[in-house]
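The values are calculated or read from the model by the stated rules, or taken from the named source; none is laboratory data. Computed from a predicted structure; not experimentally measured. Counting neighbours? That spans all protein chains shown, and the Cβs are built from the backbone with ideal geometry, glycine included. Heads up: the accessible areas ignore ligands, DNA and RNA and are worked out on the full protein's heavy atoms, side chains in. Shrake-Rupley method; radii C 1.70, N 1.55, O 1.52, S 1.80 Å.
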Amino acid sequence: MKRPLAYITAPWGDDGIKTRDLAARYCRAVYDAGYSPVCPVLMYPAFLKDDVPQEVRDRTDMSNELLRRSKLLVVCGKEPDDGVRADIALAKHMHIAATTLEGVMVVDGTARENE
């Protein structure tokens, strides 16, 4: 079964361990709903350095490219920050559907259709 890509965004915070745990939970919920989660916060910190300006720019460019290729933007967390707002703006500009995590979660044992 081919799963559509769903880009995960949230106001991540500064605690790396807490961020990874939260991102993994969000990705699992999106996966369970029938999507292939895409979450740069889980990928890029493993090899990109926040103290190298070019790598910060590259991370942003690569994250934006992943969002462009996604079918859906999933907004997680309670209060959006500037990064979340930028993801929402890009999704809107690219005509990519956006929803909350609750919008894709499994309801009554079946995945809710969002397409």
If Lys and Arg each add +1 and Asp and Glu each add -1, what is the summed charge of the other residues whose beta carbon sits under 14 Å from the beta carbon of Pro11? -3
What does the C-alpha gyration tensor say about the overall shape of the stretch 1-41? Classify as rounded when a/c is under 1.5, otherwise prolate if a/b is larger than b/c, or oblate. prolate
Rounded to the nearest 10 degrees, what's the angle between the helix 16-32 long axis and the longest principal axis of the chain, both from Cα atoms, 0 to 90? 30
Per residue, accessible area of the chain with a 1.4 Å probe, heavy atoms of protein chains only, in Å², comes to 64
Would you list which aspartates and glutamates come within 18 Å of Lys92, measuring only between C-alpha atoms, while excluding same-chain residues fewer than 8 positions from it? Asp61, Glu65, Asp81, Asp82, Glu115
Per the Kirkwood formula on distinct C-alpha pairs, the Rh of the chain is how many angstrom? 14.5
Would you tally the net charge around Ile96, using a Cβ to Cβ cut-off of less than 10 Å, leaving Ile96 out, and scoring K and R as +1, D and E as -1? +3
Local electrostatic count at Asp61 - Lys and Arg +1, Asp and Glu -1, tallied over other residues with Cβ under 12 Å: 0
